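Structure first, then comments.
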Amino acid sequence: MGEYESYKEKIEKRHNKALVEVIKDLYIHEDLGPSVSAKQLGIPRQAFIHFVQHYDLKKLKFGEFEKIDDHIETSDYPIK
């Protein structure tokens, strides 16, 4: 299991929901930056940035409201 996968499992277990939803709540809905969000989740900032990039959430945060949810949590789009 990779380092990012272990962070993903830890966060999903603690919050009882998908990682992408936890990150959306902090990064988009609460409008927190990567450092504060990572600190609240207890993970390194670089790991948080990895997940933001992996789920392509910068577009959602900064106004490019395309339909990006189609590829977020599928088996074709695994965490690396």
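The values are calculated or read from the model by the stated rules, or taken from the named source; none is laboratory data. Small disclaimer: the values here were computed from a predicted structure and weren't measured. Cβ coordinates were reconstructed from backbone atoms using ideal geometry, including for glycine residues, and neighbour counts include every protein chain displayed.
Here's a check for you: in the range 36-80, which residue that is among the charged types (D, E, K, R) and at pLDDT below 75 is nearest to K13 (Cα to Cα)?
Just the residues of the range 36-80 that are among the charged types (D, E, K, R), to begin with: 39, 45, 56, 58-59, 61, 64, 66-67, 69-70, 73, 76, 80.
If we keep only those that are at pLDDT below 75 too, we end up with 64, 66-67, 69-70, 73, 76, 80.
Details: E64: 30, E66: 29, K67: 27, D69: 21, D70: 23, E73: 16, D76: 22, K80: 19 Å.
Checked the range 36-80; the qualifying residue nearest to K13 (Cα to Cα) is E73.
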List the residue pairs whose Cβ atoms are under 6 Å apart, where the first residue sits in the range 51-63 and is among the aromatic types (F, W, Y), the second is surrounded by 13 or more Cβ atoms within 10 Å (Cβ to Cβ) and at pLDDT 80 or above, and the two are 6 or more positions apart or on different chains.
F51/I23; Y55/V20
In the range 20-56, which residues are part of a helix (DSSP H, G or I) and acidic (D, E)?
E21, D25
Across the range 1-19, what is the total count of residues that are over 14 Å from A47 (Cβ atoms), part of a helix (DSSP H, G or I) and touching a helix residue (DSSP H, G or I) at 6+ places or on another chain (Cβ under 8 Å)?
1
